[in-house]
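Trainee: Take this structure first; my questions come after.
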Amino acid sequence: MKRKSLMLTTLVALSVLGACTPSNLVYEQAKSFYDGGNYDQAFPLYQEAAQSGVVDAQLALAKCYDFGRGVQSDPAEAVRWYTAAANAGNADAQDNLATCYLQGYGVPKDLSQAFYWYKQAADQGNSFALNNLGLCYRNGEGTEVNHEMATQCFLQAAQMGNANAQYNLGRSYYHGLGVPLDKEQAREWITRAAAQGHQNAAAFMKDNDWK
């Protein structure tokens with residue numbers, strides 16, 4: 001029994017040491033700088049960790065290029081690193097990459113690619129991607145218009161607390177798109193979105209004289 005316990009302890013310790021690779025430590029240092037608003041110090045460290053294959057660093061580096069933090073904004077480089085992280089399975093990167101394709105930001109506009117990457121992220125339960133995938137179904141972007149599928153996506157994300165999805169789900173109920181028209185359900189979901197500070201939801205409530 002003691003021998004098994006010792007072996008288990010050793011395996012756990014090795015696992016922890018394996019996770020603390022030099023590249024991961026560089027990423028953690030970069031994140032500390034970034035969270036503190038020291039973007040100029042964070043950027044080269046993110047770059048080093050990203051080039052070493054740290055997926056979280058690849059996503060962070062993409063955001064630096066995207067928003068011009070620690071480096072001049074470069075949409076093409078943002079897409080490059082979003083793609084690297086997305087191909088590694090990072091759902092946030094997949095959602096952001098999809099938006100780049102949707103808007104033609106740093107890459108030629110491609111609605112089919114936008115839909116593909118939104119779905120990859122949505123399948124992992126990313127609430128932002130679920131809402132965005134719902135919009136693709138609602139607007140026929142990269143796929144055929146399908147209000148039932150749109151509403152299902154909105155519902156999943158809304159139940160996770162996503163304010164945009166709550167607003168979109170409320171609108172689906174209000175107009176009877178993909179679900180039976182139900183003003184009470186519409187009011188409930190739009191009220192939830194407004195409570196989170198969603199401006200369009202608040203305006204919608206005002207227009208309908210909902211308290």
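Every number in this text was worked out from the coordinates using simple rules, so none of it is lab data. Everything numeric here is computed off the predicted structure, so don't read it as measured data. Neighbour counts are summed over all protein chains in view; Cβ atoms, including those assigned to glycine, are modelled from backbone coordinates with ideal geometry.
Trainee: Based on other C-beta atoms within 10 Å, arrange Val54, Val145 from fewest to most.
Mentor: Numbers: Val54 24, Val145 13.
Ordered from fewest to most neighbouring Cβ atoms within 10 Å, Val54, Val145 come out as Val145, Val54.
Trainee: Still on this model: Just subtract the alpha-carbon distance of Gln103 and Trp210 from 0.36 nm times their residue separation and send over the number in nm, one decimal. Show your work: numbers first, answer last.
Mentor: On the way: separation 107, 0.36 × 107 = 38.52 nm, distance 3.40 nm.
Net length gain for the segment: 35.1 nm.
Trainee: Another question, if that's okay. On a 0 to 90° scale, report how tilted helix 147-159 is relative to the longest principal axis of the chain, with both axes built from alpha carbons and the result rounded to the nearest 10.
Mentor: In the chain, helix 147-159 runs at an angle near 60 degrees to the longest axis.
Trainee: Mind sorting out which of (1) 1, 7, 14, 16, 18, 17, 13, 7, 4, 2, 1, 1, 0, 0; (2) 1, 7, 16, 20, 20, 16, 11, 6, 2, 0, 0; (3) 1, 8, 12, 13, 13, 13, 12, 10, 8, 5, 3, 2, 1, 0, 0 is the real P(r) over Cα pairs in 5 Å bins from 0, in percent computed from the coordinates?
Mentor: Matching entry in (1) 1, 7, 14, 16, 18, 17, 13, 7, 4, 2, 1, 1, 0, 0; (2) 1, 7, 16, 20, 20, 16, 11, 6, 2, 0, 0; (3) 1, 8, 12, 13, 13, 13, 12, 10, 8, 5, 3, 2, 1, 0, 0: (3).
Trainee: Using Cα pairs under 8 angstrom and six or more residues apart, how large is the relative contact order of the chain, in percent? Walk me through the numbers before you get to the answer.
Mentor: Working: 333 pairs, mean separation 18.0, N = 211.
The value is 9 percent.
Trainee: Going by alpha carbons, how many degrees (0 to 90, nearest 10) lie between the helix axis of 111-122 and the longest principal axis of the chain?
Mentor: 70 degrees
Trainee: Helix 39-51 against the longest principal axis of the chain: what's the angle in degrees, Cα atoms only, rounded to the nearest 10?
Mentor: 80 degrees
Trainee: Let me ask another. Fewest to most neighbouring Cβ within 10 Å: what's the order for His198, His175?
Mentor: Working: His198 20, His175 12.
Fewest to most other Cβ atoms nearby, the residues stand as His175, His198.
Trainee: Sticking with this one: Please arrange Glu28, Glu184 by how many other C-beta atoms lie within 10 Å of their C-beta, fewest to most. All intermediate terms of the calculation are to be shown ahead of the outcome.
Mentor: Numbers: Glu28 15, Glu184 8.
With the fewest neighbours first, Glu28, Glu184 line up as Glu184, Glu28.
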